[in-house]
Structures are given as structure tokens and as C-alpha cells.
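Asker: Here you go, one structure.
Just so it is clear, none of the values below were taken in a lab; they were calculated from the coordinates. Since the structure is predicted, the reported quantities are computational estimates derived from the model, not experimental observations. A quick note on method: Cβ atoms are made from the backbone with ideal geometry, for glycine too, and the neighbour counts reach across all protein chains shown.
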Amino acid sequence: MRAKGAKDPGYGAAAGRLEEILQRIEEGKVDIDELSGLVAEAASLVTLCRDKIHAAEVQVKTITEQLERETAAEPAPPAPAGESEGGDESARY
């Protein structure tokens, strides 16, 4: 359990620690007495990473939707003076 006020690691740090844990387990460098603790830590880190990914997805979606609304609400820029609305240059001659 984390101490009150302790900050969660960033995604990169959490993913790095997961890599360390997996490497130690795969290489057989884990004492059986510490295995359950490492597995519990890994599970906690996986949950943290998933939560961070989900939060980033929500934030990106919100920003994208906001930009789309702002773009849709902007009036079309006026055509430069002297150009026809069709944009066909041959129609002017």
C-alpha cells in the first residue's frame, strides 16, 4: 500500500519496472519467497498502466472533439476579390 501523498510513477517508469520484474522471473532470479510480492507489484503496475492509457485516450478524444466543434463553428473564409464562386478560371473569359 502506498503512503499517503505518495505519487504514482509515470507510465514509462511503471513499464520499465514491469520489464525488470518480468526479466527477473524469466531468468529464474527470483527467490520463491519474493515471487508473490513481485507478482502483486506487477499486477498493480499493469493496472496503473491501463488506467494511464485509458485516461490519455479520453483526453485525446475530448481534445479532438473540441477541435472538430471549433472548426465546424468557424465561418468559411471569404473568397479573394475578383474570383468567381465556381473557382473555374475559364468561366471568367
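Asker: Condition first: surrounded by 11 or more Cβ atoms within 10 Å (Cβ to Cβ) and over 15 Å from the mean Cα position of the chain (by Cα). Now tell me which residues in region 48-83 satisfy that.
Answerer: Selection gives Glu83 alone.
Asker: May I pose another question? For region 4-39: of the residues being of a type in the set (Asp, Glu) and not in a helix (DSSP H, G or I), which is nearest to the chain's Cα centre (by Cα)? I'd like the intermediate steps shown before the answer.
Answerer: So in region 4-39, the residues of a type in the set (Asp, Glu) come out as 8, 19-20, 26-27, 31, 33-34.
Right, trim to not in a helix (DSSP H, G or I) and you get 8, 27, 31.
On the way: Asp8: 16, Glu27: 31, Asp31: 35 Å.
For region 4-39, the residue satisfying everything is Asp8.
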